[in-house]
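The values are calculated or read from the model by the stated rules, or taken from the named source; none is laboratory data. Keep in mind the model is a prediction, meaning the values are calculated, not measured. As a convention, Cβ positions derive from the backbone with ideal geometry for all residues, glycine included, and neighbour counts pool all protein chains shown.
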C-alpha cells in the first residue's frame with residue numbers, strides 16, 4: 001500500500017515523493033532475524049519417532065515482543081526465525097520434562113538440543129492457612145537429584161511452577177528419579193520432602209504440608225573429603241556489635257541462640273528467627289570449625305550456603321625465623337592466636353618454642369586468619385603479623401634485624417630514671433627497658449624507623465607516650481643512639497565532691513600537644529590530690545572519675561612551660577545522669593547493639609558506649625549540664641543511625657532501627673594517619689549529628705567488612721538520608737555540629753534505600 005504526497009519545493013526539488021507504509025511482512029524483512037533449529041534428545045528407553053508436542057519462545061530483551069508458539073516433533077527439528085537478543089525456550093511434551101533453554105542470539109544460526117526426561121507426577125496439598133491469609137494460586141517446586149545418584153544418569157536440578165486449586169491441592173510433573181524437593185509458596189517458610197522416588201506410571205502422593213509465616217535461615221554443608229556431613233551441629237547466635245559483654249549478659253544472650261543439625265543430605269533450616277545479624281557456626285569432628293555471618297530479615301528466607309559450606313580438615317603451619325635465635329642466643333617463643341575479623345576477637349591461643357634452628361610447627365589448625373607474636377626469652381613481644389591459613393598446609397618466613405639501641409632520657413635538663421616501652425603501652429610489638437639514675441638505657445629492636453615510646457617514671461610520677469622516636473643505625477652497623485627529652489612541667493590539683501570534701505578518683509588528662517593522642521591517667525589517694533609531670537605545654541582537657549556514676553566534667557586549661565606558674569586545679573565530681581533505654585525493631589528488642597552517646601555542645605575526654613543486652617536494653621551516663629547529645633546506634637543486621645537529640649527529661653531514650661539500608665563510600669586522596677591529631681580527620685554529618693569515621697571504621701571492622709583500601713572507606717549498612725562528610729581538625733570539630741563547615745573539605749549527597757552514595761574528600 002502506498003500514499004502519494006507532494007511536498008513544497010523548498011523541501012524537495014523533484015516534485016512528488018512516494019511514502020510507503022510498512023506492512024508486517026516488510027517489517028519482518030527489515031529486521032535482522034536468526035535461524036534457530038531445536039532438536040529433541042531423549043534420556044531413557046523411549047521410542048523417539050513417536051514424540052511430538054508444543055513449544056514457546058519467550059523474549060527477555062528490553063523491548064516488548066510477542067511470545068512465539070511452535071510445534072515440535074522428533075521426526076524433524078523445529079525451525080524458528082527469531083530476532084537477535086535473549087530468548088527462553090520452553091517445551092511441553094506429553095510424558096516428558098525438559099529444562100527451559102536460555103538463548104543469547106547473535107548473528108550466526110544456531111542448533112539447540114532439548115533434552116527430554118521421562119516424567120511422573122507428584123501431588124499434595126497444604127494445611128489450613130493462617131487466619132486472614134489469602135489462598136495461594138501456585139507453588140514453586142525446586143528439585144535436586146539425590147547426591148548418591150550418578151549425575152550423568154540424573155536430570156539437572158530445576159524447578160517447576162504448579163497451580164494450587166481451591167482445596168489447596170497441587171499436582172506437578174517432574175522427571176523420574178529420586179529427588180530432594182523444596183516447596184515455596186509466596187512469603188511462607190519453605191518446606192521440604194527428602195528422597196522422593198518418582199517411578200514410571202505411578203503418582204507420588206505427599207500428603208498435606210503446613211504453611212507458616214516467619215523468618216528462616218537455610219543452607220547446605222559438605223565436607224572437603226566427601227564424607228557424610230550427617231550430625232554437623234549448626235548454631236546461630238546473636239552478633240554482638242559492641243564490646244565483649246559481661247558474664248551475666250552473655251548468659252542471657254545464650255537464650256537467643258538457635259541450634260539444629262544437618263540431615264544426611266547436608267541440609268539445615270532454622271525457622272522463627274527474630275530479624276538481625278547472627279554468627280553461624282558449623283561444627284563436626286574431626287573437621288575445623290566453620291563460621292560465617294548471616295543477616296535475617298523480617299518475614300524472609302535467608303539462604304546462607306548455596307553452594308554448600310565446606311568443612312575443611314585441620315592444617316599445619318610451619319614458621320621459619322631469621323635470625324634463628326633471639327638477641328640473647330635463646331630460642332624464640334611463638335604465640336599463635338586465631339583471629340575472627342567479624343568479631344575482632346581471638347578465639348584461641350597456642351604457644352610453643354621454635355627451637356635453636358628457628359623452626360616452629362603447629363598442627364591441627366583451622367583454616368582461618370592468625371596473629372603471630374614472636375617473643376624473646378625475656379617475654380618481650382618482638383614481632384607481630386597476621387597470616388591467612390587457607391585449605392592447605394602453609395610454610396611462612398619471618399625475617400627481622402637485631403638493632404642495638406642505646407640512649408638517654410631526661411626531664412628538662414635532669415636525667416630521668418624510668419621504665420621505657422618501645423612500641424607503646426598498647427602496641428602489638430612491645431619491648432621494654434629501664435633507664436638508670438644517669439638516664440642511660442640500652443635495648444634491642446627488630447627494625448629501624450619510627451617508634452612510639454611509653455615513658456613511666458615514679459620519682460617524680462610520669463606517664464607519657466612519645467609519638468615518634470626515630471631509630472637510625474650508624475652506617476654499616478646495627479647500633480643506634482637516641483635521646484628522649486620530656487618537658488619539666490607539672491600539673492597538680494585535688495578532686496573533691498560538691499561539699500568540698502576530698503574524693504579518691506582516677507584523673508584523666510589529654511593534651512592537644514601530645515602527638516601520641518594518648519590520655520594520661522593518675523589515681524589519687526584518699527586526700528584526692530594528684531600530680532602529673534612531663535605533659536607537653538599547650539591546651540589540655542582534664543576530668544575525674546570517682547566511680548558509682550560520679551564524674552567531674554572535662555575542664556579546659558593550659559599546661560605552662562614554667563611549672564612554678566602552674567596554678568593547682570580543683571576537680572569537682574557530681575552524680576551524672578543515668579540514661580536508660582532499649583533498641584527496638586518492628587519485630588521486637590534487638591540485642592548486641594553498640595550505642596554511643598557524646599555531648600553535642602561541649603568537649604569530652606572519653607566516649608560513652610554500651611552494648612544492648614538480650615532484651616535490647618542499655619544504660620549510659622551523661623553530664624548533668626548537657627542539654628543535647630550525639631547518638632550513634634550501630635546494630636548488626638540493621639541500619640546504622642546517627643542522630644542528635646535533647647536529653648529526655650525522664651532520662652529514658654528508646655531507639656528504633658530497621659533493615660532499610662544503603663551503602664556510603666568516602667573516597668580520600670590519601671590514607672588517614674589516625675594517630676596524628678594535628679592533621680584533619682574525616683567526620684560524617686547527618687543533619688546536626690556528627691560522628692568521626694574512626695568509630696564507623698571500627699564498627700565496620702567488627703562486622704568483618706573488608707576495609708583494606710584505606711583511601712576508600714565503604715560502609716554498606718547505613719540508614720538512608722542526606723549526609724555530609726568533611727575533613728576537619730579536632731579544633732574544628734565543635735563547629736561541625738553548629739553548621740560551620742571547613743571550606744573546600746566537605747562533600748554532600750543523599751543516600752537512597754538500596755543505593756550507593758560516594759562522598760569525595762580532599763584538602764583544599
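Summary of values
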quantity: Set 338, 385: member being within 22 Å of residue 278 (Cα to Cα), outside the structural domain of residue 270 (by TED's automatic domain parsing), in contact (Cβ under 8 Å) with a residue 12 or more places away in the chain and outside any loop (DSSP other than H, G, I, E, B); calculated: 338
quantity: Selection count where residues are over 25 Å from residue 201 (Cα atoms) and not in a loop (DSSP other than H, G, I, E, B), scope segment 73-100; calculated: 12
quantity: Members of segment 101-131 found to be in a loop (DSSP other than H, G, I, E, B) and surrounded by 14 or more Cβ atoms within 10 Å (Cβ to Cβ), listed by number; calculated: 129
quantity: Count of segment 719-728 residues which are more than 12 Å from residue 690 (Cβ to Cβ) and either surrounded by 15 or more Cβ atoms within 10 Å (Cβ to Cβ) or at pLDDT below 85 (or both); calculated: 4
quantity: Top-ranked residue in segment 675-700 [being at pLDDT 85 or above and part of a helix (DSSP H, G or I); ranked as surrounded by the most Cβ atoms within 10 Å (Cβ to Cβ)]; calculated: 696
quantity: Strands (runs of 3 or more DSSP E) wholly inside segment 443-546 containing at least 1 residues that are out of contact with any helix residue (DSSP H, G or I) (no Cβ under 6 Å at 6 or more places or on another chain) and more than 25 Å from residue 604 (Cα to Cα); calculated: 449-458, 461-471, 479-486
quantity: Hey, residue 590 outside the structural domain of residue 499 (by TED's automatic domain parsing), buried (at least 17 other Cβ atoms within 10 Å of the Cβ) and in contact (Cβ under 8 Å) with a residue 60 or more places away in the chain or not; calculated: yes
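Residue-wise test of (1) within 41 Å of the chain's Cα centre (by Cα); (2) buried (at least 19 other Cβ atoms within 10 Å of the Cβ).
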site: 153; (1), (2): no, no
site: 157; (1), (2): yes, no
site: 174; (1), (2): yes, yes
site: 179; (1), (2): yes, yes
site: 184; (1), (2): yes, no
site: 214; (1), (2): yes, no
site: 223; (1), (2): yes, no
site: 229; (1), (2): yes, yes
